[in-house]
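The structure under discussion appears below in the form of structure tokens.
Nothing in this text is a laboratory measurement; each read-out follows from the coordinates by a stated rule. On a predicted model such as this, the values are computed, not experimentally measured, just so you know. Ideal geometry is used to build each Cβ from the backbone, glycine not excepted, and the neighbour counts take in all protein chains shown.
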Amino acid sequence: MRARDLAVGYKMVSVDSDVMDAARLMADRNLPGLLVVDERGGPQAVLPASQVVKALVPGYVIEDPTLAAVVDEKHADRLCRALAGRRVGDFLPREATPPPVVDPDDTALEVAALMARVHSPLVAVAEKNGTGPDRRKPESGRLLGVITASHLLQELLRAGGALDKD
């Protein structure tokens, strides 16, 4: 099984996309994160759903989790105000690391190893365009799709005959 066979179309956003729209997209489609693309449509970063959730939690609650018990459900709408008017780029680290990118010919095990190494819920599958500016890392070319960790796990379990067992 090759990365090109595992890649699926996936919703993507740009750094200038509204983060509330991105949050709704992740919630509506039960996505672990979104691929953030640059102006050319190339993979730039991964916006994990956990980062957006973190933005909803007031800093004082993160520092003292016992305070979470005193905020009732009626105030949840106030938490979402933390996203209003903000861009996806506001939720990425200043030095956002590029998303993991695999070659279309990489094997499922190579994809799994990369996901495990970089702790990413998804990887982009893109053709390589040669070398990037630092001459050590291939520059990503045409994006073919995305492989999520859950989809990869499903395919590996199916291939191993473990998916249908109780």
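Points to keep in mind about this one:
- Gaussian network model of the chain, Cα within-10 Å springs - most flexible of Val118, Val37, Val70: Val70
- Theoretical FRET efficiency, 1/(1+(r/R0)^6), r = Cβ-Cβ of Ser14 and Ala116, R0 41 Å, to 0.05: 0.90
- Per the Cα gyration tensor, segment 86-128 maps to an equivalent ellipsoid with semi-axes of 24, 12, 8 Å, ordered largest to smallest.
- Charge dipole magnitude, Cβ of K and R +1, D and E -1 - segment 3-159, Cα centre, debye nearest 20: 100 debye
- Going by neighbour counts of Cβ atoms within 10 Å, the residues Leu153, Leu114, Leu6, Leu47 line up, fewest first, as Leu153, Leu114, Leu6, Leu47.
- Subtracting the Cα-Cα distance of Asp28 and Met1 from 0.36 nm times their residue separation leaves 6.8 nm of extension gain.
- Per-selection metrics, the chain (Cα): Rg and Dmax in Å: 18.1, 55
- Under-22-angstrom lysine pairs by C-alpha in segment 3-159, whenever the two are 8 or more apart or on separate chains: 4
- Dipole axis of the chain (+1 Lys, Arg; -1 Asp, Glu on Cβ), positive-most option in Leu157, Val52, Val111: Val111
- Largest mean-square fluctuation among Arg78, Arg87, Arg24, in a Gaussian network model of the chain whose springs join Cα atoms under 10 Å apart, belongs to Arg78.
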